[in-house]
Ligand SMILES: [Zn+2]
């Protein structure tokens, strides 16, 4: 029988007493209510940005929140820094970005400081979407029935072969075709690009980049 996250004992030691300031309170709230670990050491948070993370978590369906972590990579860590650095200190992107990473065998969501609720929700969506992929093998999500069902429902088709998927690191190395309504064509932008690039409307085959 499954226990709710909130009723499970914390797998991590209790936070050090830092004087009862707000950040500790919000970190504790994320841990207790959602099973998510907000990392504060070496990160750029303020009260507003911490509250945005809590707001985003509160808007997700409970069954999604419960699966943000995984048996494979453990609970989800949320970081905030302008350098695209994961918990290990590795610089995942060359410039500031919002992204999910399991490169180090951990579930990590790295935010550029001071993001809004919709951006945090978008990245939490990736944490859910990629929760079962092996470290650094994000493309392998396309082997999962859940993703195949989603693509079928929204009109996306994978053009690349299974061998292409097996060899790929992520979706930027794969090719897709889109048969859905026109409104969806502008979803195919690489996350780390913060300016909107629109694919050519005449192209029926679009890379998710
Ligand atoms: Zn995205």
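The values are calculated or read from the model by the stated rules, or taken from the named source; none is laboratory data. The structure displayed is predicted, hence computed values, not measured ones. Note: ideal-geometry Cβ built from the backbone for every residue, glycine included; neighbour counts use all protein chains shown.
Counting the residues of segment 141-177 that are crowded, with 17+ Cβ neighbours inside 10 Å and within 15 Å of residue 130 (Cα to Cα) gives 7.
Any residue at all in segment 108-121 that's part of a loop (DSSP other than H, G, I, E, B) and at pLDDT below 95?
Within segment 108-121, the subset part of a loop (DSSP other than H, G, I, E, B) is 112-116.
Subset that is at pLDDT below 95: none.
No, segment 108-121 contains no residue that is part of a loop (DSSP other than H, G, I, E, B) and at pLDDT below 95.
Would you confirm whether or not segment 71-81 contains a residue that is within 16 Å of the ligand (Cβ to nearest atom), assigned to a loop (DSSP other than H, G, I, E, B) and within 30 Å of residue 163 (Cβ to Cβ)? Scanning segment 71-81, I find no residue that is within 16 Å of the ligand (Cβ to nearest atom), assigned to a loop (DSSP other than H, G, I, E, B) and within 30 Å of residue 163 (Cβ to Cβ), so the answer is no.
Considering each of 89, 105 in turn, give the residue that is in a loop (DSSP other than H, G, I, E, B), in the same structural domain as residue 122 (by TED's automatic domain parsing) and touching a residue at least 12 places away in the same chain (Cβ under 8 Å).
Details: 89 fails: touching a residue at least 12 places away in the same chain (Cβ under 8 Å).
Going through 89, 105 in turn, just one is in a loop (DSSP other than H, G, I, E, B), in the same structural domain as residue 122 (by TED's automatic domain parsing) and touching a residue at least 12 places away in the same chain (Cβ under 8 Å): 105.
Of all residues in segment 117-128, those satisfying the criterion of being within 11 Å of the ligand (Cβ to nearest atom) and closer than 15 Å to residue 107 by Cα are 123, 124, 125, 126, 127. Applying the criterion of being outside any loop (DSSP other than H, G, I, E, B) and within 12 Å of the ligand (Cβ to nearest atom) to the residues of segment 129-164, the residue that is nearest to the chain's Cα centre (by Cα) is 129. Scanning segment 165-185 for residues that are within 21 Å of the chain's Cα centre (by Cα) and part of a loop (DSSP other than H, G, I, E, B) turns up 168, 169, 170, 174. Taken as a whole, the condition of being within 13 Å of the ligand (Cβ to nearest atom) and farther than 23 Å from residue 35 by Cα applies to residue 97.
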